[in-house]
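Below is one structure, written out as structure tokens; the observations come after it.
The values are calculated or read from the model by the stated rules, or taken from the named source; none is laboratory data. Quantities reported herein were computed from a predicted structural model and do not represent experimental measurements. All Cβ positions, even for glycine, are placed from backbone atoms using ideal geometry, and neighbour counts span all protein chains on display. Calculation scope for accessible area: heavy atoms of the full protein, side chains included, ligands and nucleic acids excluded. Shrake-Rupley method; radii C 1.70, N 1.55, O 1.52, S 1.80 Å.
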Protein chains: 2
Amino acid sequence: MSFARIGVAGVGLIGGSLALAARTAGAVVIGFDTDPAVLDRARARGALDEAATSLRALANATDLLVLALPVPATLAALGDLDSFAGPVIDVASVKAPVVAAARHLPQFVGTHPLAGRERGGIDAADGTLFRGATWTLDASAPAGVATRIAAFIESLGAQPLVIDAAEHDRLVAATSHLPQILAVALGARLAAVAAEDGRAGALCGPGMRSMLRLAHSPFGLWEAILRANARPLARDVRALAHSLEAIAAGLEREETALLGPLFADAARAARSLEAEANV
Amino acid sequence: MSFARIGVAGVGLIGGSLALAARTAGAVVIGFDTDPAVLDRARARGALDEAATSLRALANATDLLVLALPVPATLAALGDLDSFAGPVIDVASVKAPVVAAARHLPQFVGTHPLAGRERGGIDAADGTLFRGATWTLDASAPAGVATRIAAFIESLGAQPLVIDAAEHDRLVAATSHLPQILAVALGARLAAVAAEDGRAGALCGPGMRSMLRLAHSPFGLWEAILRANARPLARDVRALAHSLEAIAAGLEREETALLGPLFADAARAARSLEAEANV
């Protein structure tokens, strides 16, 4: 373990899972959460060795500070840390605004674990959540601390990937934020159809269910992510809208020829993801 | 069991699962498949008591004939059955063209189990596949045979739902065919992004994976379904395209206000589906 004492600010799904994984890897974990009930629950789940009473106290008691907070709280915490000199990482889903807000911290590394569940909170936390997952590190971080953070990420079972913050944000627009938008748009369409005909729910099979898993994620968590990554995401959403317009136009002429190559591309992408997951 | 001897034409995922479930429920099951290897595999899996050598022989040996075939093969088999007088059902995903093609059969009931898997074939067959699933019956079927088919469906663990064929097709456009189109369009978009930047796959998390599960389904099975239901589906695909265009336009202005109500509607629809699944 590259750090002996890990401080985790925010012990929800990601922070709680990280705490469980870090304890398993041999670290002492100290937690802080603005919600005392969540902090109690994290202790009860065995995620924490100790609890701190403030972010500053947490930072001073540890040799790695992890901000496992929603985007707005991450930005606020970075401001509160003033001239804190120790290693700090965040785990937010957008990197450019976070990295920009952390310029005053000499040992900050913006990171993003590609792991999660549709249901958040400490009760969903799982020490194996990061196993095999990609976990990005911002390419602009100082090399010394970045190397230690990469080792920490590996100790949690994840695969470190160094990537520029803007490139990260452009890619996750397509790989993470676009799927979320699609699940939401599909769920809203189902709600509209079900309002017209109450049998719609009974006519949903396992396909619709798997496509709506992400629709459980709360807007409260997503709003800041989508806003922070609005422009790259807009490009992907519009590309998908154009693709659907073309498919609809074909279907209106009872033509499905357009769909063959799309099915082939999509099956290839899906197989390729499974191959990566099995690495 | 409302029928003692069930004939299953096509022992892939649905036919094989039906055969396994019907045997568990106490029926004798006779199978037929144009692929002898599939028929052998179905026997090896314990799905069949006997095998027939032709569709006609199968029909004459049973007191319920189940056509568990792709849409084009279902339509062809209905033609081949000439003036067959016994009870016949199909399980295809579109009902209006099938019901129209079966008018010469006095005891035909068009049905559709809302069950499936992204991977087809006899090896994926599972006798519990239909447990708790909705299984539709065409409302235009004669009452006597429809009542017996409803009892058969219940004996397999599914929930019968009597519905008009055109209404069925309009609803499954939204509840089944639209999710398939979205998974394919998303997978094709991911393939395009990955072609530009090879790190896209590594940046996919569990959300993308769940959204691409359906993308494994082969175009060969879907083409006839999508073509047969092209016009109702076009309406749903276009509605989703418009919704995405509006979302993209909002994001280009860095506005996310439009998304709040969509997230709320989608979460409600997703919760409502889970509640149904737990019945």
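May I ask you to work out the translational diffusion coefficient for the protein assembly as shown at 37 °C, viscosity 0.692 mPa s, via Stokes-Einstein with Rh from the Kirkwood sum over Cα pairs, reported in whole µm²/s? Mind showing how you got there, number by number?
Numbers: Rh = 25.3 Å.
D, rounded to a whole number, is 130 µm²/s.
Placing +1 on the Cβ of each Lys and Arg and -1 on the Cβ of each Asp and Glu in the range B:104-177, which of B:120, B:176, B:139 has its Cα farthest towards the positive end of the resulting dipole?
Most positive-ward Cα: B:120.
Trypsin sites (Lys or Arg not before Pro), restricted to the range B:68-126: which are DSSP loop and have at most 10 other Cβ atoms within 10 Å?
Counting only loop positions with at most 10 other Cβ atoms within 10 Å, the trypsin sites (Lys or Arg not before Pro) in the range B:68-126 are B:103.
Around residue A:51, which amide H atoms from residues at least 5 apart in sequence, or from another chain, sit under 5 Å from its own amide H, with H modelled in the peptide plane?
A:31
Would you list B:28, B:66 from the most to the least accessible area, probe 1.4 Å? Intermediate values should be presented prior to the final figure.
Working: B:28 50, B:66 0 Å².
Reading off the accessible areas and sorting them downward yields B:28, B:66.
Treating each Cα of the range A:20-164 as an identical point scatterer and ignoring solvent, apply the Debye formula and state log10 I(q)/I(0) at q = 0.21 Å⁻¹.
Log10 of I(q)/I(0), two decimals: -1.62.
Cα axis of helix A:143-155 to longest principal axis of chain A: angle in degrees, 0 to 90, nearest 10?
The two axes meet at around 70 degrees.
Can you tell which of A:131, A:235, A:189 shows the greatest fluctuation in a Gaussian network model of chain A with Cα springs below 10 Å?
Judging by the Gaussian network model, the answer is A:189.
What list of ³J(HN,Hα) couplings, whole Hz, do you get for the range B:35-42 from phi and the Karplus terms 6.51, -1.76, 1.60, once you set θ to phi - 60° and write x for glycine and proline?
9, x, 5, 5, 4, 4, 5, 5
Quick one: buried accessible area between B and A, total over both chains, 1.4 angstrom probe, nearest 100 Å²?
On the way: alone 14610 and 14610 Å², together 20620 Å².
Its buried surface, counting both partners, is about 8600 Å².
Quick one: among A:63, A:265, A:80, which has the greatest mean-square fluctuation in a GNM of chain A with alpha-carbon springs under 10 angstrom?
A:265
May I ask you to give the solvent-accessible area per residue for the range B:1-118, in square angstrom, as obtained with a 1.4 angstrom probe?
Details: 4230 Å² over 118 residues.
Computed with neighbouring chains in place, this is 36 Å² per residue.
Quick one: dipole size for chain B, taken about the Cα centre, charges +1 on Lys/Arg Cβ and -1 on Asp/Glu Cβ, in debye to the nearest 20. It would help to have the intermediate numbers written out before the result.
On the way: 24 positive and 28 negative charges, 37 e Å.
My answer is approximately 180 debye.
Just the Cα atoms of the range A:13-63: what Rg and Dmax do they give in Å?
Radius of gyration, then largest Cα-Cα span, for the range A:13-63: 10.1, 26 Å.
Restricting attention to the alpha-carbon atoms of the range A:171-234, what are Rg (one decimal) and Dmax (integer), both in Å?
13.4, 39
Within chain A, which is the longest segment that contains none of the GluC sites (Glu not before Pro) sitting in a DSSP loop with at most 15 other Cβ atoms within 10 Å? Don't skip to the end; give the middle numbers.
Numbers: sites that count: A:254, A:255.
Longest run free of exposed loop sites: A:1-253.
When the chain is fully extended, how far beyond the present Cα-Cα distance does residue B:104 get from residue B:253, taking 0.36 nm per residue of separation? Show your work: numbers first, answer last.
Details: separation 149, 0.36 × 149 = 53.64 nm, distance 5.88 nm.
Roughly 47.8 nm would be gained on extension.
Quantify how strongly other chains surround peptide B:221-231 by giving the mean number of their Cβ atoms within 10 Å of each of its Cβ atoms. Write down the numbers at each step before the final one.
On the way: counts 0, 4, 5, 1, 1, 7, 5, 2, 1, 8, 3.
Averaged over the peptide's residues, the number is 3.
Can you give me the distance in nm between label points at residue A:246 and residue A:154, each placed 7 Å from the Cα along the Cα-to-Cβ direction?
Modelled inter-label distance: 4.3 nm.
Return one number: the angle in degrees, 0 to 90 and rounded to the nearest 10, between the long axis of the Cα atoms of helix A:13-24 and the longest principal axis of the Cα atoms of chain A.
Helix A:13-24 and the main axis of chain A meet at about 50 degrees.
Which whole-number percent of Cα pairs in the range B:133-259 have a distance greater than 18 Å? Don't skip to the answer; put the middle values down first.
On the way: 5512 of 8001 pairs.
That fraction is 69 percent.
To one decimal in nm, how far is residue B:275 from the same spot in the other copies, if labels go 7 Å from Cα toward Cβ? Please give the shortest first.
From this label point to the equivalent ones elsewhere in the assembly: 4.4 nm.
Using a label point 7 Å beyond Cα on the Cα-Cβ vector, give me the inter-copy distances for residue A:144 in nanometres, one decimal, shortest first.
Relative to the other copies, residue A:144 has label-point distances of 9.1 nm.
Hey, what angle do you get for helix A:219-228 against the long axis of chain A, alpha-carbon based, 0 to 90 degrees rounded to 10?
Tilt of helix A:219-228: around 90 degrees.
Given the C-alpha centroids of the range B:218-260 and the range B:161-185, what is the distance between them in whole angstrom?
13 Å
Which three extents, in whole angstrom, do the alpha-carbon atoms of chain B cover along their principal axes, largest first?
66, 39, 34
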